[in-house]
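Right, one structure below, let's go through it.
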Amino acid sequence: MSYKRIKKLPTAEEIIQQYPLSSSGHEKIMHDRREIKHILEGKDNRLLMIVGPCSAWPKEAVYEYAKRLHDLNKQVSNSLKIVMRMYIQKPRTTKGWTGPINQPDPFSEASIEAGMHYARDMMVKVVEMGLPIADECLFTHNGSGFSELVSWFAIGARSSEDHEHRIFASAANCPVGMKNPTHGSIAIGVNGVVAAQHPHVAAIDHYEVQTLGNAHAHLVLRGSNEAPNYSIEHLEEVKKQFEKHHIQNPAVVIDVSHDNCLINGKKDYRIQPTTIFHVMDYLKKRPDLRQLMKGFMIESYLKEGNQKLETANASTIDLNGLSITDPCLGWDETETLLLELADKVNA
């Protein structure tokens, strides 16, 4: 292997002891996981809404966003199950910043040890506020100390064909959304759900183990490189594939960002609300597909748009809730969207 050792990292137990979660926090996570499972099973008719910044940085802005989302949740919780995106890991198409778990200060050298402290502290504080959190599983070998805080996991479009990530999803204690790959194949996306729902024999923590299969693994439609994939025709194809593979708790979440916000080949994050209401309107005519479609993912932060790390520095970067990765809806647009959507679900 071609690498050099930098330092020995703290164990998960050491990190957990430094940033413990209260017993009420543990109970809340178990409660949130059950509620999400009930939505996926069709026992709870609320919409599952995965909402929040593309990347959880910096923590002060994350806390402010979490506070606002928690307050808003009190008004919409009868219609929507809100889970805050707290993505501490960021996949890159080629290279770039991989999130606060690896580099909590984007303008300093990477430090996984510092990132472990940064991310655990931030996640615990948001959970203790009373919000369930979601993360994307990128580094499966570095999950201990963080995964027990998460109520919903995503396996990203670049990872969902990878067998190690499918095994992680099969072993996870919480619901996991498997995204369709970047080239858009629904059949391959469903293959990921099949794999996650079934047991596997693997080496985990120096033991040979058998995963139990995740009955609440489901599909996340995020578009393809060329076009969105949230139409009636796409959902019909998902339903067909689910029936072919005898999927348990058949469920779809639609990610209205990424390639599902393409217009004439260009991404426009501002159409996320329009897409959601378009989907909700056409599903009125298709109750069978409405039963399949369980919710949405939205990229949202305090400020609208984004800024580029490549052209910023520590003195010019905006630390007040402007994304440093994908562009996001601003808070005002997010609040309006969630309130209107809650009314629509109730109507």
For the chain, what is the accessible area per residue in Å², given a 1.4 Å probe and the full set of protein chains? 46 Å²
Note down the nm distance, to one decimal, between modelled labels 7 Å out along Cα→Cβ at THR336 and at GLU13. 5.3 nm
Can you pull the Kirkwood radius for the range 191-324, inverse mean 1/r over Cα pairs, to one decimal in Å? 17.5 Å
The percentage of the accessible area of the range 157-224 (probe 1.4 Å, all protein chains present) made up of carbon and sulfur atoms, to the nearest whole number, is 51 percent
For labels at SER23 and GLN307 in the simple 7 Å Cα→Cβ model, what's the distance in nm? 4.4 nm
Assigned charges on the beta-carbon of Lys, Arg, Asp, Glu; the chain dipole about Cα centre (debye): 380 debye
Which lysines have a Cα lying under 19 Å from the Cα of LYS81, excluding residues fewer than 8 positions away in the same chain? LYS28, LYS37, LYS43, LYS67, LYS294, LYS344
Extended-chain gain in nm, criterion 0.36 nm per residue less alpha-carbon gap, LYS95 and ARG286: 64.6 nm
Using Cα springs under 10 Å in a Gaussian network model of the chain, which residue among ALA56, ALA157, ALA169 shows the largest mean-square fluctuation? ALA157
Approximate shape of the chain as ellipsoid semi-axes (Cα gyration tensor, √5λ), whole Å, largest first: 29, 24, 20
Summing +1 for each Lys or Arg and -1 for each Asp or Glu, what net charge is found among the other residues whose Cβ lies under 11 Å from the Cβ of LYS284? +3
List the residues whose amide H sits under 5 Å from the amide H of CYS328, counting only those 5 or more places along or on another chain, with H placed 1.01 Å from N in the peptide plane. GLY305, ASN306, SER323
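Return the Rg/Rh value of the range 1-148, two decimal places, where both radii are evaluated on C-alpha atoms and Rh is the Kirkwood radius.
0.99
Please give the contour-minus-distance gain from LYS240 to PHE107: 0.36 nm per residue of separation, less the Cα-Cα distance, rounded to one decimal in nm.
Stretched out fully, the LYS240 to PHE107 stretch lengthens by 43.1 nm.
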Residue by residue through the range 170-183, what is 3J(HN,Hα) from phi via Karplus (6.51 cos²θ - 1.76 cosθ + 1.60, θ = phi - 60°)? Round to whole Hz and write x for glycine and proline. 5, 8, 5, 8, 10, x, 10, x, 9, 6, 5, x, 4, 7
Output ordering of 139-149, 197-207, 11-21 (per-residue mean of other Cβ within 10 Å, highest first) is 139-149, 11-21, 197-207
Give the long-range amide H neighbours of GLU136: residues separated by 5 or more places, or on another chain, with amide H under 5 Å away, using H modelled in the peptide plane at 1.01 Å from N. ILE88, GLN89, ALA154
Can you list the residues, at least 5 places off or on another chain, whose amide H is less than 5 Å from the amide H of LYS81, using H built in the peptide plane? LEU47, LEU48, MET49
SER185 versus SER315: modelled label distance in nm, points set 7 Å from Cα along the beta carbon direction: 5.1 nm
Sites ALA202 and LYS344 - FRET efficiency at Förster radius 45 Å, r taken between beta-carbons, to 0.05: 0.55
Apply the Karplus curve 6.51 cos²θ - 1.76 cosθ + 1.60, θ = phi - 60°, to the phi angles in the range 151-157 and return the couplings in whole Hz, x for Gly and Pro. 9, 8, 10, 10, 9, x, 4
Euclidean distance of C-alpha centroids, the range 201-219 and the range 292-347, integer Å: 33 Å
Run the numbers for ASN173 and LYS266: contour at 0.36 nm per residue of separation, minus the present Cα-Cα distance, in nm. 29.8 nm
Taking K and R as +1 and D and E as -1, what net charge do the other residues with C-beta under 12 Å from the C-beta of HIS141 add up to? -2
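Would you please put 31-39, 215-223, 89-97, 186-194 in order of how densely packed they are, using the mean number of other Cβ atoms within 10 angstrom per residue and starting with the highest?
Listed from highest to lowest mean packing, they are 215-223, 186-194, 31-39, 89-97.
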Note, the range 256-271: 3J(HN,Hα) by Karplus (6.51, -1.76, 1.60, θ = phi - 60°), whole Hz, Gly/Pro = x, goes 8, 9, 6, 7, 8, 10, 7, 10, 6, x, 10, 7, 9, 4, 5, 8
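Would you mind telling me the antiparallel percentage of the DSSP bridges in the chain, rounded to 5?
Expressed as a percentage, antiparallel bridges in the chain total about 20.
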GluC sites (Glu not before Pro) within the range 41-126, DSSP loop, no more than 11 other Cβ atoms inside 10 Å: GLU109
Value at 222 nm in deg cm²/dmol, rounded to 500, when DSSP H runs of n ≥ 4 in the chain each add -39,500 (n - 2.57): -12000 deg cm²/dmol
Percent of beta bridges antiparallel (DSSP, the range 189-296, rounded to nearest 5): 50 percent
The answer for the per residue Cα convex hull volume of the range 78-154, in Å³, is 106 Å³
Using all alpha carbons of the range 118-209, what is the percent of pairwise distances in each 5 Å bin, ordered from the shortest bin to the longest? 3, 14, 24, 22, 18, 11, 8, 1
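The values are calculated or read from the model by the stated rules, or taken from the named source; none is laboratory data. Treat the numbers as computed from the prediction; the structure is a model and nothing was measured. Here Cβ is always computed from backbone atoms with ideal geometry, including for glycine, and neighbour counts include all displayed protein chains. The area values use the complete protein model at the heavy-atom level, side chains included, leaving out ligands, DNA and RNA. Shrake-Rupley method; radii C 1.70, N 1.55, O 1.52, S 1.80 Å.
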